[in-house]
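The values are calculated or read from the model by the stated rules, or taken from the named source; none is laboratory data. Please read these numbers as outputs of a predicted model, since none were measured by experiment. Every residue, glycine as well, gets a Cβ built from its backbone with ideal geometry; the counts of neighbours run over all protein chains shown. Heavy atoms of the whole protein, side chains included, go into the accessibility calculation; ligands, DNA and RNA do not. Shrake-Rupley method; radii C 1.70, N 1.55, O 1.52, S 1.80 Å.
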Amino acid sequence: MSVSSAAVSASQPVASPVLTPTAAPVSAPTQADLLDFVRRTAADADLIASLPLDPEGRTWVRLEGPGGSEAWLIGWPPGTGTGWHDHAESVGAFVTAAGELKENSLAVRLPADGWKTLELADDVDRARRLPSGKGRSFGRHHVHEVLNETADQHAISVHAYYPPLPQIRRFSRSGPILRLEQVERPEDWQ
């Protein structure tokens with residue numbers, strides 16, 4: 001594994017390792033390829049232990065994903081989460097490497113654009129617990145939020161997306177009402 005790059009936290013940058021893939025696939029990585037990558041990476045105990053953890057804000061390190069994918073190692077303090085969001089045209093996968101995360105998701109594809117507020121049907125909510133070693137892959141326009149609901153334990157996860165994230169749409173949710181709040185571009189988080 002080669003090392004270079006920097007970790008980022010909600011408050012300040014911290015030096016940390018970057019994972020370099022051993023072999024790049026000939027074609028674009030599939031959801032299965034991304035899931036395999038995040039599983040193998042989450043099993044790297046030295047890499048997982050190297051992530052600096054902040055008691056108040058999430059920390060992250062950019063990793064070299066397979067086939068030009070975007071990948072991240074993320075630390076989650078107790079009680080933190082992402083809020084509702086999607087990953088636009090990217091497919092992805094993530095695995096909990098330490099602790100436990102919860103994913104709430106919507107089993108419905110949202111329109112790509114042209115709306116600000118939607119009323120969701122009663123049967124679209126899904127929830128799953130993802131303890132250490134468990135994860136999932138997902139397709140384009142997957143809307144979810146990821147949470148560390150524990151009161152006293154950090155969680156760490158590995159995420160990969162292909163193509164690299166062109167944008168993230170952030171949503172607020174009040175009961176069945178989903179509202180588009182913000183569209184972020186790569187320059188907003190890198």
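Worth a mention:
- Of the residues in the range 102-114, at least one is assigned to a strand (DSSP E or B), more than 21 Å from residue 50 (Cβ to Cβ) and open to solvent by 20 Å² or more (accessible area, probe 1.4 Å).
Quick grid of which residues meet (1) among the acidic types (Asp, Glu); (2) part of a strand (DSSP E or B); (3) modelled with pLDDT under 95; (4) more than 14 Å from the chain's Cα centre (by Cα):
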site: 130; (1), (2), (3), (4): no, yes, no, no
site: 140; (1), (2), (3), (4): no, no, yes, no
site: 146; (1), (2), (3), (4): no, yes, no, no
site: 160; (1), (2), (3), (4): no, yes, no, no
site: 169; (1), (2), (3), (4): no, yes, yes, no
site: 183; (1), (2), (3), (4): no, yes, yes, yes
site: 187; (1), (2), (3), (4): yes, no, yes, yes
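- Restricting 61, 108, 91 to those that are free of Cβ contacts under 8 Å to residues at least 60 places away in the same chain, hydrophobic (A, V, I, L, M, F, W, C) and in contact with a helix residue (DSSP H, G or I) (Cβ under 9 Å, 6 or more places away or on another chain) reduces the list to 61.
- Among the residues of the range 88-116, those that are of a type in the set (D, E, K, R) and in contact with a strand residue (DSSP E or B) (Cβ under 7 Å, 6 or more places away or on another chain) comprise 100, 102, 103, 116.
- Exactly one residue out of 127, 98 is aliphatic (A, V, I, L, M) and either open to solvent by less than 60 Å² (accessible area, probe 1.4 Å) or under 24 Å from residue 62 (Cβ atoms) (or both), and it is 98.
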